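In what follows, a structure is listed as structure tokens, so that the remarks can point back to it.
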Amino acid sequence: MTASLIEYLVEYRGIESNYNDAWGKPTTIARATKEKLLKVMGYDVDDSNTLQQQAEDEANQSWLSPLGPVQVIRSGNDFHIAVRLPIELVDDEYEAVVTTEHGATVGCRFIPIEGQLTNVAHIEEIEFQEYVVKLEVSLPLGYHSLSLQADKDELARMSIIVAPQSCYKPQAILDGQKVWGLSVQLYCLRSENNWGIGDFSDLAFLLESAAKQGAQFVGLNPIHALYPAQPDVCSPYGPSSRRWLNFIYIDVTKVDGFEQNSVQNVVITNEFIEKLATARNTDLVDYTTVSYLKLTALSCIFEYQNAKYLSKNTKMNKVFKQFVADGGESLQTIATYDALQEYLSSKQVPSWGWPVFPEELSDFDKPAVKAFTKKHKKRIKFFMWLQWQAAIQLEQANQVAINNNMSIGLYRDLAVGVSEGSAEIWGNKDLYCVNASVGAPPDELGPLGQSWGLPPMDPEKLYQQQYQPIIDLFRANMHATGALRIDHVMALLRLWWVSKGDNATEGGYVYYPVDDLLGILALESHRNQSMVIGEDLGTVPPEIREKLAENGVYSYRVFFFEQAKDGGFYSPAHYPEQSMATLTTHDMPTLKGYWNCYDLELGKELSLYPNSRVLNELYNSRHRNKQAILDTLHGHNSVTEEVGYDVNSVGMSRALNFGMQLHMAAGSSELLSLQLEDWLEMDKPVNIPGTSDEYPNWRRKLTQDLQYIYSDDALNKLALDLTKIRKRVSI
């Protein structure tokens, strides 16, 4: 009985039993793994009686609710809902009253038994039947509410989401233009004015400069909120909240009030100036110093604004209050969390995340947290103000792209999850399975598999919460952008879950409601006029790429992974048009690092390979691949005779570097993304997957200031050539 019940729950909760790995090999998930995944979902798999009761309670709860929490339908499709009722009530007449998001109402009468019977259940000797009923109601795109009524009495209510058939595309792309742009890690940027880390003013400068060269977008790393009180926790892919921004990107000098004497008296001290010079001159971002400098100065500016504007009936205060109101509980959560973590850290109390907070403070809804909120109201207001200032400067940067007629403009990156100790989980623990981590099975990027320390959302809880967390997430990250890249886009279909403490190879896939999530993605894409790129690398089932393409989501094609079975590299002319092509990513070596095998040397130093045999094969494979690259470059006349034909005598040169970029520009992908690291011929990677403290991930700066990049004749010519080639291949 227990075995069959477990298999039922495995199927019911979307745990996959079999999959094909990154090399196409059929793989079976162990029973022990499936039981562990059920356990992290909250099932007591060790007690058969309790497990049986849990399964019965879940089933009964579903049947006792006449409607589901939410339904996503596509515009133009028939409108069906599932209705569950006791058998004696299924031939009565009911009315579905839909209230649109703008307040209009429309009703439709129906009799459930006239629909399609899809399921039957018995609860305490009462038979329940489920019918799928077609409603003759036409609804506009948007978020609506449906009330199921009998004789004007409401029996149940559900959310109705009407979505377009596919994601938004800008007119330039619809007209057949092939465009290019730059992808950057914002923190890596050097400039004459920043405070040791790239900021939103640097971004604005980059957007304007790139636009003048013909680029149509600038792509960013995730700029999600991290931890002001834990500045060295700096991975953009392990944020505290994906809805809010990292304050560290604020250009302090551009905030109203910076010029005030109270602020200037702080920033002109010898200590401050010395720390600022140190932060600017290091080759690695010194997050601790930068955070100290910015929080110190911004706290002073806040004191000025709060006294003069934000405590009075001023226009500025009205705008700020509206920002706070729009941010709702989510903004209150991140601001309270930041203030609380800062307070605990100052008291030398363990504070890396809510799991080590004092018990009475371990949940946003606890009374002690409410008491803290009242006592530290002003500091919490400061952290909300930081989010406001960051949003203002991000919007200003986006406006630069609009003013320069970039067809896409600013392009953001959405991380796959939040870290274990995040504010997002602290504020909504019911949504997350905190005893599991998202990761990946073994693949080319991670031969040993990966566990990222990011607890997954429970798909059932997400459904019960009417998908609101994912709606808010897409909306926040598409705001003030022209495109959104979704890291590990397979998460819309399935995620690799690893039980806490297990090796990444011991994980398994859990499925998500992909069609519903894609519908919401399409709706927010149109509302924000933001196109969507899905990072579909690694272990990717063919059906997800087909489904993404049908929904207007752009594929992500990396040159080094587009390789035929004979070892040759596919011509970029054969890439799907609905794709973004690129040479490298933030998880890969730079072009120079790849050619010189610097990544393999680092991997050896950091013991990333199981044995010398594996490393030797990687070196041999790299040698073969480099020869194949030379063959394809010469075969397509992408490089001149200046670049040799024999890998044994060809080192990485500017001619080869630029030749590879121009080779990609001649491809069929509508979008081409290139990295500033490769423009500057850098060799060190920004991140090495599978490492944490072994390598300074997410810290390495660019080798040159932005001002240098846009005064370099060779780089300006490269940009001009890229623009010419992209125009030539446009339809």
Query raised in the report: Consider Ser692 against the criteria (1) in the same structural domain as Tyr237 (by TED's automatic domain parsing); (2) within 26 Å of Lys626 (Cβ to Cβ); (3) not hydrophobic (A, V, I, L, M, F, W, C): it satisfies all of them except one. Which criterion is unmet?
Result: (2)
Report task. For residues that are under 14 Å from Asn193 (Cα atoms) and in contact with a Lys or Arg (Cβ under 8 Å, 6 or more places away or on another chain), scanning just the stretch 248-279, find the one that is surrounded by the fewest Cβ atoms within 10 Å (Cβ to Cβ). Result -> Val252
Report task. Only residues that are closer than 21 Å to Ala581 by Cα, in contact with a Ser or Thr (Cβ under 7 Å, 6 or more places away or on another chain) and hydrophobic (A, V, I, L, M, F, W, C): list them for the stretch 675-716, please. Result -> Leu680, Met682
Query raised in the report: For the stretch 635-649, how many residues are of a type in the set (Val, Ile, Thr), surrounded by fewer than 18 Cβ atoms within 10 Å (Cβ to Cβ) and touching a residue at least 24 places away in the same chain (Cβ under 8 Å)?
Result: 0
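Condition check ((1) of a type outside the set (D, E, K, R); (2) modelled with pLDDT of 95 or more; (3) in contact with a helix residue (DSSP H, G or I) (Cβ under 6 Å, 6 or more places away or on another chain)) across all residues:
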{"site": "Gln466", "(1), (2), (3)": "yes, yes, no"}
{"site": "Leu495", "(1), (2), (3)": "yes, yes, no"}
{"site": "Leu517", "(1), (2), (3)": "yes, yes, yes"}
{"site": "Gly534", "(1), (2), (3)": "yes, yes, yes"}
{"site": "Pro541", "(1), (2), (3)": "yes, no, no"}
{"site": "Arg557", "(1), (2), (3)": "no, yes, no"}
Query - Complete set of residues in the stretch 190-208 that are buried (at least 24 other Cβ atoms within 10 Å of the Cβ) and of a type in the set (A, V, I, L, M) - result: Ile197, Leu203, Leu206, Leu207
Query raised in the report: Could you say which residue among Ala480, Ala440 is under 30 Å from Val356 (Cα atoms) and over 14 Å from the mean Cα position of the chain (by Cα)?
Result: Ala440
Report summary line: Going through the stretch 1-60 in order, the residues found to be of a type in the set (Lys, Arg) and at pLDDT 95 or above are Arg13, Lys34, Lys36, Lys39
Query raised in the report: Has the stretch 610-627 got at least one residue that is in a loop (DSSP other than H, G, I, E, B) and either touching a Lys or Arg at 6+ places or on another chain (Cβ under 7 Å) or not assigned by TED's automatic domain parsing to the domain that holds Asn221 (or both)?
Result: yes
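For (1) more than 15 Å from Ala82 (Cα to Cα); (2) basic (Lys, Arg); (3) part of a strand (DSSP E or B); (4) not assigned by TED's automatic domain parsing to the domain that holds Ile471, each residue gets a yes or a no:
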position: His102; (1), (2), (3), (4): yes, no, no, yes
position: Val106; (1), (2), (3), (4): yes, no, yes, yes
position: Leu117; (1), (2), (3), (4): no, no, yes, yes
position: His144; (1), (2), (3), (4): yes, no, yes, yes
position: Arg157; (1), (2), (3), (4): no, yes, yes, yes
Requested in this report: Consider only pairs whose beta carbons are under 9 Å apart and that are at least six residues apart or on different chains; among these, list those whose first residue lies in the stretch 494-515 and is surrounded by fewer than 17 Cβ atoms within 10 Å (Cβ to Cβ) and whose second residue is in a strand (DSSP E or B) and hydrophobic (A, V, I, L, M, F, W, C).
Outcome: Lys500/Ala436; Thr505/Val498; Tyr511/Ile15; Tyr511/Leu495; Asp515/Val72
Query raised in the report: Could you say which residue among Arg475, Arg494, Arg527 is charged (D, E, K, R) and within 29 Å of Gly690 (Cβ to Cβ)?
Result: Arg494
Query raised in the report: Out of all the residues in the stretch 537-584, which are over 21 Å from the mean Cα position of the chain (by Cα) and among the hydroxyl-bearing types (Ser, Thr, Tyr)?
Result: Tyr570, Ser571, Tyr575
Query raised in the report: Within the bounds of the stretch 493-504, is there any residue that is in contact with a Phe, Trp or Tyr (Cβ under 6 Å, 6 or more places away or on another chain), among the aliphatic types (A, V, I, L, M) and farther than 28 Å from Leu139 by Cβ?
Result: no
Report task. Within the stretch 586-601, identify whether any single residue is free of Cβ contacts under 8 Å to residues at least 40 places away in the same chain, assigned to a loop (DSSP other than H, G, I, E, B) and of a type outside the set (Ser, Thr, Tyr), and answer yes or no. Result -> yes
Report summary line: Going through the stretch 224-236 in order, the residues found to be buried (at least 24 other Cβ atoms within 10 Å of the Cβ) and within 28 Å of Val400 (Cβ to Cβ) are His224, Ala225, Leu226
Query raised in the report: Hey, among Ser330, Ser351, Ser345, which residue is under 16 Å from Ser241 (Cα atoms), surrounded by 15 or more Cβ atoms within 10 Å (Cβ to Cβ) and in the same structural domain as Lys429 (by TED's automatic domain parsing)?
Result: Ser330
**Report entry** Selection count, the stretch 51-88, where residues are assigned to a helix (DSSP H, G or I) and either without any contact (Cβ under 8 Å) to a residue 60 or more places away in the chain or under 27 Å from Tyr143 (Cα atoms) (or both)
**Finding:** 13
Query raised in the report: Does Ala401 count as in the same structural domain as Ser235 (by TED's automatic domain parsing), surrounded by 22 or more Cβ atoms within 10 Å (Cβ to Cβ), assigned to a helix (DSSP H, G or I) and among the small types (Gly, Ala, Ser)?
Result: yes
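Yes/no per residue for (1) over 21 Å from Cys234 (Cβ atoms); (2) outside any helix (DSSP H, G or I):
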site: Ala279; (1), (2): no, no
site: Val290; (1), (2): no, no
site: Glu303; (1), (2): yes, no
site: Asn306; (1), (2): yes, no
site: Asn313; (1), (2): yes, yes
site: Phe323; (1), (2): yes, no
site: Gly327; (1), (2): yes, no
site: Leu331; (1), (2): yes, no
site: Ala339; (1), (2): no, no
Query raised in the report: Given Ile197, Ile250, which one is within 27 Å of Trp452 (Cα to Cα) and in contact (Cβ under 8 Å) with a residue 24 or more places away in the chain?
Result: Ile197
Requested in this report: Kindly list the number of the only condition in (1) out of contact with any helix residue (DSSP H, G or I) (no Cβ under 6 Å at 6 or more places or on another chain); (2) assigned by TED's automatic domain parsing to the domain that holds Lys717; (3) at pLDDT 95 or above that fails for Glu681.
Outcome: (1)
Query - Options Asn625, Asn657: the member that is within 30 Å of Leu448 (Cβ to Cβ), in contact (Cβ under 8 Å) with a residue 60 or more places away in the chain and out of contact with any strand residue (DSSP E or B) (no Cβ under 7 Å at 6 or more places or on another chain) - result: Asn625
Query raised in the report: Arg412: among the basic types (Lys, Arg), closer than 23 Å to Pro222 by Cα and in the same structural domain as Leu484 (by TED's automatic domain parsing), yes or no?
Result: yes
Query raised in the report: Restricting attention to the stretch 150-160, does a residue exist that is at pLDDT 95 or above, under 25 Å from Asp516 (Cβ atoms) and among the acidic types (Asp, Glu)?
Result: yes
Report task. Give the number of residues within the stretch 660-681 that are surrounded by fewer than 21 Cβ atoms within 10 Å (Cβ to Cβ), in a loop (DSSP other than H, G, I, E, B) and in contact (Cβ under 8 Å) with a residue 60 or more places away in the chain. Result -> 3
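The values are calculated or read from the model by the stated rules, or taken from the named source; none is laboratory data. Keep in mind that what you see is a predicted model, and the values were worked out from it rather than measured. When we count neighbours, we look across all protein chains shown, and the Cβ atoms used for this are built from the backbone with ideal geometry, even at glycine.
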